[in-house]
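The values are calculated or read from the model by the stated rules, or taken from the named source; none is laboratory data. Worth saying up front: this structure is predicted, and the values here are computed from it rather than measured. Using ideal geometry, Cβ is built from the backbone for each residue, glycine included, and neighbour counts are taken over all protein chains shown. Heads up: the accessible areas ignore ligands, DNA and RNA and are worked out on the full protein's heavy atoms, side chains in. Shrake-Rupley method; radii C 1.70, N 1.55, O 1.52, S 1.80 Å.
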Amino acid sequence: MTYLAGEMMTGGYGGADILHECSIGVDRGEIAVVVGPNGAGKSTAMKAVFGMLGLRTGRVTLDGEDITSLKPQERVLQGMGFVPQNQNVFTTMTVEENLEMGAFIRRDDISLTMKQVYALFPVLHEKRRQPAGELSGGQRQQVAVGRALMTQPQVLMLDEPTAGVSPIVMDELFDRIIEVAKTGIAVLMVEQNARQALEIADRGFVLVQGRNAYTDSGVALLANPEVRKAFLGG
Amino acid sequence: MTDVLNAIVLLGNFVLVPGLAYGSQLALGALGVTLIYGILRFSNLAHGETMSFGAMITILVTWLLQANGISFHPLPTALLALPFGIIGAVALCLIVDRLVYRYYRQQRSTSSIYLIVSIGVMLITGGLIRFIIGPGDRKITDGERFIIKARDFKEMTGLNEGLAIKTTQGVTVITAVSVVAFVFWFLGRTRTGKAMRAYSDNEDLALLSGINPERVVMIAWIMTGALATIAGTLYGLDKSFKPFTYMQLLLPIFAAAIVGGVGNPIGAIVGGFVVAFSELIITFAYRKVFMYLLPDEMAPEGMIQLLSTDYKFAVSFVILVIVLLVKPTGIFSGKLL
Amino acid sequence: MTQTHQPTTTAQSRRNILLFGIMTLLLCFVGFVQSWNVTFSLLNMCLISAIMALGLNIQWGYAGLFNVGVMGFAALGGLAGVLVSQAPIPAAWAAGGAGVVGGLITGLATILAGLAVWRRTRMRGRQRHWLTGLTVLVGYTVMRMIIDPAVSAIEAIDPARAGFLGGAGMPIIFSWAVGGIFAAAVAWVVGRISLGLRSDYLAIATLGISEIIIYFLKFEDWLTRGVKNVAGLSRPVPYEVDLNKSAQFQEFASSIGMNVIDASSLVVKISYAILFTLVLLVILWLSEAALRSPWGRMMRAIRDNETAASAMGKDVTSRHLQVFVLGSAVVGIAGAMLTTLDGQFTPTSYQPLRFTFLIWVMVIIGGSGNNWGAVLGGFLIWFFWIEAEPMGLWVMDALTSGMPDGHWLRMHLMDSAAHTRLMTMGLVLLLVLRFSPRGLIPEVKR
Ligand SMILES: Nc1ncnc2c1ncn2[C@@H]1O[C@H](COP(=O)(O)OP(=O)(O)O)[C@@H](O)[C@H]1O
Ligand SMILES: [Mg+2]
C-alpha cells in the first residue's frame, strides 16, 4: 500500500479534462519523480493530489485513508506539504516570516523546526531578515522548500523545485532533497531535468497528455530505450 | 528676525497644524482603503460611507451622554462615544460582508464586480445614514476648544502672529499616531497580523499554509470599520459632521492611497500627509508671509495664492494624475501589506 | 443561428416587449391617476436617463470600463447649453474677453511646454521632475496674472443679471452636439491618463474629474455665473405663454376639451418628448449598429479576455480610449438635453448620487451590454426614483398610522421618507447583481 497515492485521477479546471485516469504516488522515505513534456499535466496532477482541483473520478489516499474530499488546508493538517511551481514564497515578507507562515497551523514551539531548516539551508539563516522577494532564484526555492517543511510534514510535494536555477545550485538542491527523504519523509516531485531527477528517484512516472505513459523505478526508466529516446534526448 | 519668526508662526498656524490634523484623518482613511484593497483586492467606494456611519453612531451616543450630563472635560465627549461608533461600524462591515461580499468572494468575482457591489453598499449605507440622522450639518465638538489660543501664544512670545492649536487637532494627531502605531505593531509582530500580510501577498500560498481566509477577511473588516470610524469622527470633530462630505473625502483618500501605492500601509500614511500638505500649501495665501519677509516697498499686492480654496479637491486630483502619469504603482510600489 | 436557439430568442423578445409594455402601462397609470402632465414630465426625464444609461452602457457594457464620473460629463453638456444659447455680453467681452482668451491660451501653452520639457529631459533623472514642475509653475503664474484681472472685470459687469461672458447666442439645440464634444474632449484627456493602468484607476480618476468639473462650474463665475445659476435659457419648442395667447391654440384646446393652460404645458412637454425620442432612437440605432459591427465584436472580445486580445495584437488601450470617449459624448449630449429641458443651468444640482450612481443602477438593472436593457433601465429606475418618494411617504404613513400625530418617531420617519429611495436603489442594485446579474434584458451573445 503506497503511503500517498492518487489513483486513476480524471479531471481538469472546469473545461475539458486534463488528467485521464492518471495515477501517481510515493512511499515513506522514498523519492518519486513525475516527468513529461510541457503541458503534460504534471502540475495539474500535483494539484489534484493536493486537493486544489475537483476530480471527476479517481481518488487520493494517504496512509490508506481516502482523503479525496479534504480541502488543501485539511491536507496540510494531515501532514502534507506542497511547494507549488510558481509564486511559492511570500515575496514581501522576510525569510523568517515565510518560515513562520509555513508553520501557521502549528500551535506548539516551532523554534526547533526552524533550526532544522536553517541547518538544512544555512544561507537562509544568513538572510533571515531579508524579504524573500530580494533573494536569488535558488535561494527562493530553498525558502519555498523550507516553508513547506515547517509543518513537519510526512509527505513533501515539490513542483519543479529547480526551475530556473543554475546546474550547481540544482545539484545542491537535489542533495538537500535526498537528505529530506532520508529523514523518512515521502518526497513527490515534478522535474524538468528528467535525467538527473530519475537518477535520484526510487519511482518515476512519465506523463503524456494527462496519461501515465511509463511507470517504473527511476533506474529502470533511465534504462528503458523508448523513454530515453522520447524524453531524455537519446 | 522677529519678522522671520512671525512668518514661520504664520505658516505653522495655517499650514503645519491643520495639515498635521487633516493629514492624520486622510491617512487613517487611506489605511482602511488600502487594507481592504490588500486583502479583498478591490477599491471600496463605500469607504466614505463607512466613515460617515461610524461617525454618526458616535454622534448619537455623544448626544445620549451629553443628555445624561456625562462629559469628558476638557476633551470632547465624542471620544467617550467613539468605542460605540467603532462597534457600530464594525458590525455594519461584518454584516455587509456576510450578506454581500462573501458571495462574490466565493464566486471569485473580478474587481469590477466588487466595485459595483460597493456602489450598492454605498447607496444603502448613505441612505441609512440620511434616514437616521438627516442630511444636515451637525456640530459635536464640546470640551475645551483650544490647547493653545492664538492670543495666549502672542502674549507668551510677543510675536505679532498667533499659533492656535485646537483641542480637536491635538486629539486627532495623538489618536492617529497611536492607532497607526498599533496597526503596524499588529501587522508586523502578531501571528494574525503576519497571516494577513501573507494572505495579501500570495493568497494561494496562504491557503496552502493553512491560513483561514475567512478569518483574515473578518479581521480586515474589523480593522477597516475601526479605522473608518476613527477617521470619520476625527474629521467630524475637526470640521463638522455632514453626511455628503464623506463622499467627497473619497477622492483625497483614494489619492492618498494611490500616491503611496495601494495595498501598502506605510504608503497610505505618507500619501495622506502628501495630499493634506499639498492641499494646504497650494491653497494658502502667502501675502502676509511675504509681507514679513520682504522689505515694505516690495510688499506684494495680490493674495499670492496658487489656487483658490474652492479648488482644494482639485489638488488631490492633480496629485493623483501626476502619480498615474509618472509612477502608477505609487511611491512604495511592489510592497503589499 | 441554429434552429435550437430560435425559441429562446423569441421568448426573450416576447419578454422584452412585455417589459416595455409594463413600463408604458406604468406611465399611463400615472397619467390616469395623477395627470398626463406628470406622465410627460416623467417620460421626458426617462428619455434623458435612457440616453445617459446608453452612454454608460457603451463604456461598461461593451468594454468593461468603469466610469464613476457620469455626473461630470452630464454637467459639461449642461455647460454647453449655456455657452451655446445665451446671448453674448459685449460689455463683459470688452472688459475681460481678451484677458480670458489670452489666459486660456497661456494655460494651454503651459501644458504643452510642460509636456515638452518632460519628454526632452528623459535622461536627467531627478532634475526632470523639477524642470517640468518649474515650467508648469511659471506658466501657471503667468496665466493667473493675465486671467485674474480679466475675470474680476467680467464678474463686475452687471453681476445681478450677468457677470459672465454669455454664450454664442445660437439656438440651444446645437448645444446637444456641443455638449457631446465637450464631454468627449475631457474624456479623451482623462482616458489618456488613466486607461491602460489598473482598472480601478479609471474609476478613481473619473470620480475625481467629475467632482472637479462641478467645482469649476460652481466657482468660475465668468463662464457660468457659478452658483448664481443661468436661468431662462432659450428653448427648441414653443413657450406656454405664447400658446396660451394664440387664438388658434385656444380653439384647439377647447376642441379636445382641455383648459388652455393644461393643454399648452402638455403640448410643450410632448414636443420635448418627440425631440428626445428622436435623439434616443438615433443614438440607439447607432449603438446597435456599432455593437453588431466588427468593431463591437472586437470590443467585447477585449472585454471578455483582455490578455488574449492583446496577445492577438489588438491595441487594447486605444480601443478603450475610443469607447470611453464615445460613451462620455453620449452622456454629454444627454446632459445638454437635460439643461435644455430645465431651461436653466444650476451647478449645485449636480449630485453624484443622482447623476452617477443612479445611472449605474439603471445600466446594471437594465442589463449591461444590452442597449435595450439600458433604455429600459433608464425608464424604470427614473420612474421609481421619482415615484418612490410618494410611495415611501405612503408606506411610512401606513406604518406609523397607529402613533399619535406629533409622535417623534412618526415625525422623524415621515421626514426621512425621502432617503428611503437611496436605500431602495442600493438594495435593488445588490439584489439584481446577486440573483440576476445579467439584468432585465440580458446581453445577447453573438
Ligand atoms: N489554471 C488553469 N486553468 C485552466 N487550464 C490550465 C490551468 N493550468 C494549466 N492548465 C492547462 O492544463 C494543461 C496542463 O498544464 P500543466 O499541468 O501546468 O502542465 P505541466 O506542469 O506538465 O507543464 C495545459 O494544457 C494547460 O494549458
Ligand atoms: Mg508545471
Q | Segments classed as helices (runs of 4 or more DSSP H), wholly inside the range C:238-298, with at least 2 members that are at pLDDT 95 or above | A | C:260-292
Q. Only one of these conditions is not met by B:VAL183: (1) touching a Ser or Thr at 6+ places or on another chain (Cβ under 7 Å); (2) crowded, with 20+ Cβ neighbours inside 10 Å. Which number is it?
A. (1)
Q. Of all residues in the range C:388-438 being at pLDDT below 85 and of a type in the set (Val, Ile, Thr), which is most open to solvent (accessible area, probe 1.4 Å)?
A. C:VAL395
**Q.** Whichever residue in the range C:179-208 is within 22 Å of C:GLY81 (Cβ to Cβ) and out of contact with any helix residue (DSSP H, G or I) (no Cβ under 8 Å at 6 or more places or on another chain) and, among such residues, is least open to solvent (accessible area, probe 1.4 Å)
**A.** C:ALA185
Q | Filter result for A:MET80 (within 14 Å of chain B (Cβ to nearest Cβ), buried (at least 22 other Cβ atoms within 10 Å of the Cβ) and more than 16 Å from ligand 2 (Cβ to nearest atom)) | A | yes
Q. What number of residues in the range A:4-31 are under 21 Å from A:PHE174 (Cβ atoms) and either within 16 Å of ligand 2 (Cβ to nearest atom) or within 14 Å of chain B (Cβ to nearest Cβ) (or both)?
A. 1
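Does B:VAL217 meet the test of being open to solvent by 10 Å² or more (accessible area, probe 1.4 Å), on the phi < 0 side of the Ramachandran plot and touching a residue at least 40 places away in the same chain (Cβ under 8 Å)?
Answer is no for this residue.
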Q: Specify the residue that is surrounded by the fewest Cβ atoms within 10 Å (Cβ to Cβ); the eligible residues are those in the range B:192-214 that are assigned to a loop (DSSP other than H, G, I, E, B) and touching a helix residue (DSSP H, G or I) at 6+ places or on another chain (Cβ under 6 Å).
A: B:GLY210
(Q) For the range A:1-114, give me every one of the helices (runs of 4 or more DSSP H) that falls completely inside it and has 1 or more residues that are polar (S, T, N, Q) and within 16 Å of ligand 1 (Cβ to nearest atom). (A) A:42-50
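Please give the strands (runs of 3 or more DSSP E) falling wholly within the range A:155-234 in which 2 or more residues are more than 28 Å from A:ARG75 (Cα to Cα), open to solvent by less than 80 Å² (accessible area, probe 1.4 Å) and at pLDDT 90 or above. Please lay out each step first, then the result.
Values: elements: A:155-159, A:186-190, A:203-208, A:211-217.
In the range A:155-234, no matching strands (runs of 3 or more DSSP E) lie anywhere.
For the range A:66-77: of the residues being of a type in the set (Val, Ile, Thr) and more than 7 Å from chain B (Cβ to nearest Cβ), which is least open to solvent (accessible area, probe 1.4 Å)?
Selected residue: A:ILE67.
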Q: Would you mention how many residues in the range B:288-310 are of a type outside the set (A, V, I, L, M, F, W, C), within 14 Å of chain C (Cβ to nearest Cβ) and open to solvent by 30 Å² or more (accessible area, probe 1.4 Å)?
A: 6
Q: Filter the range C:341-376 down to residues that are within 14 Å of chain B (Cβ to nearest Cβ), open to solvent by 10 Å² or more (accessible area, probe 1.4 Å) and not in a helix (DSSP H, G or I), then give me how many there are.
A: 3
Q) For C:ALA203, are the conditions met, namely being more than 14 Å from chain B (Cβ to nearest Cβ), part of a helix (DSSP H, G or I) and under 18 Å from C:PHE73 (Cα atoms)? A) no
**Q.** Residue selected from the range A:42-56 under the condition within 13 Å of ligand 2 (Cβ to nearest atom) and buried (at least 24 other Cβ atoms within 10 Å of the Cβ), by the criterion nearest to the other protein chains (Cβ to nearest Cβ)
**A.** A:MET46
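Test B:ALA314 against the criterion of being free of Cβ contacts under 8 Å to residues at least 12 places away in the same chain, facing another protein chain (nearest Cβ under 10 Å), out of contact with any strand residue (DSSP E or B) (no Cβ under 9 Å at 6 or more places or on another chain) and open to solvent by less than 60 Å² (accessible area, probe 1.4 Å), and give yes or no.
yes
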Q.
Just the residues that are surrounded by fewer than 17 Cβ atoms within 10 Å (Cβ to Cβ) and of a type in the set (Asp, Glu), please, taken from the range C:121-163.
A. C:ASP148, C:ASP158
Q) Looking at (1) modelled with pLDDT of 90 or more; (2) in a loop (DSSP other than H, G, I, E, B), which is the only condition B:GLU161 fails? A) (1)
(Q) Can you tell me which condition A:LEU158 does not meet? The list is (1) more than 14 Å from chain B (Cβ to nearest Cβ); (2) within 16 Å of ligand 1 (Cβ to nearest atom); (3) not acidic (Asp, Glu), and all the others hold. (A) (1)
Q.
I want to confirm something. Restricting to the range A:84-94 and keeping residues that are in contact (Cβ under 8 Å) with a residue 12 or more places away in the chain and either within 20 Å of the chain's Cα centre (by Cα) or within 7 Å of chain B (Cβ to nearest Cβ) (or both), which single residue is farthest from B:GLY193 (Cα to Cα)?
A. A:GLN85
Q: Please give the number of the condition C:PHE219 fails out of (1) within 14 Å of chain B (Cβ to nearest Cβ); (2) surrounded by fewer than 19 Cβ atoms within 10 Å (Cβ to Cβ); (3) touching a residue at least 40 places away in the same chain (Cβ under 8 Å).
A: (3)
